[in-house]
Amino acid sequence: MCGFPYDVVHRNIKFPRLEFKTGTLLVVLPKGEKETRILKKHRQWIENKYKIIEEAKEAAKDCEIVTRESDEFRALIKELIVNFSRELGCDPGHLYVKKMVSKWASCSKKGNITVNSLLAMLPKSLVEYVVYHELAHLKYRKHDDFFWKCIGKKFANPNGLEKELCFYWFRLQNTSYAKCINASGFGDGK
């Protein structure tokens, strides 16, 4: 129907939506609704997203993978959290490292920071950006102007870093790197 691969799920929701969390289109629909109308309505948006994804996959081929041991990675993350939380004047909760399906990291309402174990294979500059980004959420919960102004004070080109993270995401998906990371002690929680 739309010329691109997609998956459909039906949920107990009121309004349909489209998601591209892992590079594949997911059409989320209210129970009993068909995908035809939403795919037709948003065809241009879908085509644009797929174009961006294909470009990212091509650029991902040039991404250099970093090798870090589990202990080395945890020490780096802890050091960054201590330094950046001081700089931002925030008080983070616990640190968790685990395999995450659709994001590099997250910050809970309780201030806990969860970091994707795959982040260990990225250059230090991107690890720093991700950690700072999550800690900034302790001050600014939403990705609003205040949040991006805070990020911009520390990092000159946040859009470029976000793009680079996208390239690495596709570089690490479905590779032997991603498959072996949990076997090396990264995905053990705290």
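Ile38 - would you say it is more than 22 Å from the chain's Cα centre (by Cα), of a type in the set (A, V, I, L, M) and surrounded by fewer than 17 Cβ atoms within 10 Å (Cβ to Cβ)? Quick ask: steps written out before the conclusion?
Details: more than 22 Å from the chain's Cα centre (by Cα): yes; of a type in the set (A, V, I, L, M): yes; surrounded by fewer than 17 Cβ atoms within 10 Å (Cβ to Cβ): no.
For Ile38, the condition - more than 22 Å from the chain's Cα centre (by Cα), of a type in the set (A, V, I, L, M) and surrounded by fewer than 17 Cβ atoms within 10 Å (Cβ to Cβ) - is not met.
Report every pair of residues separated by at least 6 positions or lying on different chains whose Cβ atoms are under 6 Å apart, first residue within the range 18-43 and at positive phi, second surrounded by 12 or more Cβ atoms within 10 Å (Cβ to Cβ).
The qualifying pairs are Gly23/Ile53.
When residues of the range 47-79 are filtered for being surrounded by 12 or more Cβ atoms within 10 Å (Cβ to Cβ), among the basic types (Lys, Arg) and part of a helix (DSSP H, G or I), how many remain?
Residues flagged as surrounded by 12 or more Cβ atoms within 10 Å (Cβ to Cβ), among the basic types (Lys, Arg) and part of a helix (DSSP H, G or I) within the range 47-79 amount to 4.
Name the residues in the range 8-35 that are of a type in the set (Asp, Glu) and either closer than 23 Å to Asn159 by Cα or surrounded by fewer than 12 Cβ atoms within 10 Å (Cβ to Cβ) (or both), would you? First the steps, then the outcome.
Our first condition is that a residue be of a type in the set (Asp, Glu); within the range 8-35, this holds for 19, 33, 35.
Correct list: Glu19 only.
Which members of the range 81-93 meet the condition of being more than 12 Å from Lys154 (Cβ to Cβ) and either touching a residue at least 40 places away in the same chain (Cβ under 8 Å) or among the hydrophobic types (A, V, I, L, M, F, W, C) (or both)? Steps first, please.
If we filter the range 81-93 for residues that are more than 12 Å from Lys154 (Cβ to Cβ), which is where we start, we get 81-82, 85-86, 89-93.
Passing the criteria: Ile81, Val82, Ser85, Gly89, Cys90, Asp91, Pro92.
Tell me which of these Arg68 doesn't satisfy, since it passes every other one: (1) more than 19 Å from Trp169 (Cα to Cα); (2) touching a helix residue (DSSP H, G or I) at 6+ places or on another chain (Cβ under 8 Å).
It is condition (1) that Arg68 fails.
Could you go through the range 28-41 and let me know if any residue there is of a type in the set (D, E, K, R), touching a His at 6+ places or on another chain (Cβ under 9 Å) and assigned to a loop (DSSP other than H, G, I, E, B). Spell out how you get there, then give the answer.
Within the range 28-41, the subset of a type in the set (D, E, K, R) is 31, 33-35, 37, 40-41.
Checking the rest, the ones that are also touching a His at 6+ places or on another chain (Cβ under 9 Å) come to 31, 33.
Filter again for assigned to a loop (DSSP other than H, G, I, E, B), leaving 31, 33.
Yes.
Output the residues belonging to the range 96-119 that are more than 21 Å from Thr67 (Cα to Cα), surrounded by fewer than 19 Cβ atoms within 10 Å (Cβ to Cβ) and touching a strand residue (DSSP E or B) at 6+ places or on another chain (Cβ under 7 Å). Even if it seems obvious, please write down each step before you answer.
From the range 96-119, those more than 21 Å from Thr67 (Cα to Cα) are 102, 106-113; that's our starting set.
With surrounded by fewer than 19 Cβ atoms within 10 Å (Cβ to Cβ) added as a condition, the list becomes 102, 106, 108-112.
Ser106, Asn112, listed by residue number.
For the range 129-171, which residues satisfy the criterion of being more than 25 Å from Ala59 (Cα to Cα), basic (Lys, Arg) and touching a Lys or Arg at 6+ places or on another chain (Cβ under 9 Å)?
The answer is Arg141, and nothing else.
Which numbered condition in (1) within 14 Å of Ala136 (Cα to Cα); (2) outside the structural domain of Tyr132 (by TED's automatic domain parsing) is the only one that Glu87 fails?
Unmet condition: (2).
Run Leu126 past the list (1) modelled with pLDDT of 95 or more; (2) surrounded by 15 or more Cβ atoms within 10 Å (Cβ to Cβ); (3) farther than 23 Å from Asp62 by Cα and report the number of the one that doesn't hold.
In the conditions (1) modelled with pLDDT of 95 or more; (2) surrounded by 15 or more Cβ atoms within 10 Å (Cβ to Cβ); (3) farther than 23 Å from Asp62 by Cα, Leu126 misses (3) alone.
Consider only pairs whose beta carbons are under 8 Å apart and that are at least six residues apart or on different chains; among these, list those whose first residue lies in the range 95-106 and is under 18 Å from Leu135 (Cα atoms) and whose second residue is surrounded by 17 or more Cβ atoms within 10 Å (Cβ to Cβ) and acidic (Asp, Glu).
Pairs that qualify, where the first residue is under 18 Å from Leu135 (Cα atoms) and the partner is surrounded by 17 or more Cβ atoms within 10 Å (Cβ to Cβ) and acidic (Asp, Glu), are Ala105/Glu134; Ser106/Glu134.
The values are calculated or read from the model by the stated rules, or taken from the named source; none is laboratory data. Since we're looking at a predicted model, the values are computed, not measured. Ideal geometry is used to build each Cβ from the backbone, glycine not excepted, and the neighbour counts take in all protein chains shown.
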